[in-house]
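**Student:** Please read through the structure below; I'll follow up with questions.
The values are calculated or read from the model by the stated rules, or taken from the named source; none is laboratory data. In this text, all values refer to a predicted model and were calculated from it rather than measured experimentally. With ideal geometry, Cβ positions are generated from the backbone for all residues, glycine too; neighbour counts draw on all protein chains shown.
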Amino acid sequence: MSIASFEHGTRTTSLKPAVFAKIDAWLDGFRRDRAEARRRREIYARVCRELSLLSDSDLADLKLFRSDIPRIAREEAYGGVKA
């Protein structure tokens, strides 16, 4: 923390720019995280949609069941980490 100085009876400090810089950095990180989450949700939805369009015989040819679709989409979007 900085030491406050007094000018003409009012207190001034250099803390304000540091606080605003921390808030800006936090907001930038938050926005980046939200954009990444949005991108991953879009990938998940796209993979689910594309696999769901396949017929049961097409899925069987790929050795997949319909119940595998969410898992495959999750692995594609999140790298195997459960959402």
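**Student:** I'm checking my understanding of the structure. Among residues of segment 56-83 that are within 27 Å of residue 37 (Cα to Cα) and of a type in the set (Ser, Thr, Tyr), which one is modelled with the highest pLDDT?
**Tutor:** Step by step, filter segment 56-83, then rank; the result is 67.
**Student:** Can we say residue 77 is part of a helix (DSSP H, G or I) and either in contact with a strand residue (DSSP E or B) (Cβ under 8 Å, 6 or more places away or on another chain) or surrounded by 11 or more Cβ atoms within 10 Å (Cβ to Cβ) (or both)? Write out each step before concluding.
**Tutor:** Details: part of a helix (DSSP H, G or I): yes; either in contact with a strand residue (DSSP E or B) (Cβ under 8 Å, 6 or more places away or on another chain) or surrounded by 11 or more Cβ atoms within 10 Å (Cβ to Cβ) (or both): yes.
It is true that residue 77 is part of a helix (DSSP H, G or I) and either in contact with a strand residue (DSSP E or B) (Cβ under 8 Å, 6 or more places away or on another chain) or surrounded by 11 or more Cβ atoms within 10 Å (Cβ to Cβ) (or both).
**Student:** Can you tell me how many residues in segment 1-55 are in a loop (DSSP other than H, G, I, E, B) and either over 30 Å from residue 79 (Cβ atoms) or at pLDDT below 90 (or both)? It would help to see each step written out before you state the result.
**Tutor:** Taking segment 1-55 and keeping what is in a loop (DSSP other than H, G, I, E, B), we get 1-4, 8-9, 13-14, 53-55.
Next cut, either over 30 Å from residue 79 (Cβ atoms) or at pLDDT below 90 (or both) only: 1-4, 8-9, 13-14.
Residues in segment 1-55 being in a loop (DSSP other than H, G, I, E, B) and either over 30 Å from residue 79 (Cβ atoms) or at pLDDT below 90 (or both): 8 in total.
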